[in-house]
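Have a look at the structure that comes next, please.
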């Protein structure tokens, strides 16, 4: 049996010869395994969010780091998410008093300190022993919205109790309606004011992860026992729910009739996560959806090669301000957030950056990532002469 060190060397050779390296280099900045990185020793040393990535890579097992860093196929959609920002330049204004900058937003009547949202990611105990609880404390301390994954390491009840105020709940609908209904009822009982249904994952081809087959790799076997019931049935949000009839959580039978059924089931705010076209945005409005999250699952679902910042304009044009629009995918800097707001997004979700922070330093890491992004956004607003988010509009865009 190969040792973990042998597996690591094999994986690095694979990365070095793979198109994935180019995609990851573009998406993650300091991602050269051959480089002599000097990881930061304290969150206060971070200059930008990329400084957390080498520490995360150092702290995580190879299997968990691969899960965090990789996408589908050759990683081209991960690269596209970052490359899309380079296609947008900004017009900036001068001679505006920018001593006071307001980054506050309101979503469904709830105010938040800034438009940066913690995107859902499951199994965060893979990245830090406190997992979603550390993330919850960080999001609360910075007054940022958090969206909790169905496959969280902790139940929505425990996370909401730790956070002190409810998260939104991300829903992986299953092909068994009764399971989906019970998940929604759990989120409602926990006080979640909104449910975001992921609709972009009927299938995916995560090649890098397949190289760590859990039935033959010692790193994976330490945490995972092969078998669907073992891996999903043990997730806290499924406690008390019979999952024995399920073969997967990636429902391939979702359609607009399903959305109608969801809409009739719950009065909780309902969003669709994964809409990337004007056509689907219009249909979502017709079916009573309360909001949209423009997303390609961080390049982990589809191999479209199209960044979400490129998809955002047509969704904004289709919605015409009727419901809130959030967006995720490749956001790494405050200027990225500014560009999305200028296009018409109401808020921006981040994924990998806060997971780097969590993996590196737990709650403090997540807090510092949020601080850095907000600080960069404030500086960009000062540079552009926009003293509030309402002042950011398409006049600042150069395509």
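If you count, for each residue, the other Cβ atoms within 10 Å and average over each peptide, how do 99-111, 189-201 line up from highest to lowest? Could you put the intermediate results ahead of the total?
Numbers: 99-111: 12.8, 189-201: 20.3.
In descending order of packing, they fall as 189-201, 99-111.
Given contacts defined as C-alpha pairs under 8 Å and at least six residues apart, what's the relative contact order of the stretch 280-399, whole-number percent?
On the way: 153 pairs, mean separation 27.5, N = 120.
Result for the stretch 280-399 is 23 percent.
Here is a follow-up. What full-extension length gain, to one decimal in nm, is calculated for residue 165 and residue 320 as 0.36 nm per residue of separation minus the Cα-Cα distance?
Working: separation 155, 0.36 × 155 = 55.80 nm, distance 3.04 nm.
Contour length minus Cα-Cα distance gives 52.8 nm.
Tell me, 246, 355 in order of fewest to most beta-carbon neighbours within 10 Å?
Numbers: 246 18, 355 27.
The order, fewest Cβ neighbours first, is 246, 355.
Over the stretch 84-387, what is the relative contact order in percent, taking alpha-carbon pairs closer than 8 angstrom and at least six residues apart? Provide the component values of the computation, followed by the final result.
Working: 547 pairs, mean separation 68.6, N = 304.
The value is 23 percent.
Moving on to the next point. log₁₀ I(q)/I(0) of the stretch 84-387 at q = 0.07, 0.08 Å⁻¹, via Debye over equal Cα point scatterers, no solvent, to two decimals?
The computed values of log10 I(q)/I(0) come out as -0.26, -0.35.
List 241, 147, 40 from most exposed to least, where exposure is judged by having the fewest other Cβ atoms within 10 Å. Kindly include the intermediate steps, with their values, before the conclusion.
Values: 241 21, 147 24, 40 18.
Ascending number of Cβ neighbours within 10 Å: 40, 241, 147.
Would you mind ranking 285, 325 by Cβ crowding within 10 Å, fewest neighbours first?
Working: 285 16, 325 24.
Placing the least packed residue first, the sequence is 285, 325.
Continuing with this model, one more query. What does the highest-first list of 46-59, 255-268, 85-98, 341-354 look like by mean Cβ count within 10 Å?
Details: 46-59: 20.2, 255-268: 14.1, 85-98: 12.1, 341-354: 24.4.
In descending order of packing, they fall as 341-354, 46-59, 255-268, 85-98.
Taken together, the values in this text are just the output of simple stated rules run on the coordinates, not laboratory data. Given the structure is predicted, the values throughout are model-derived calculations rather than measurements. Reconstructed Cβ throughout: ideal geometry from the backbone, glycine too, with neighbour counts over all protein chains shown.
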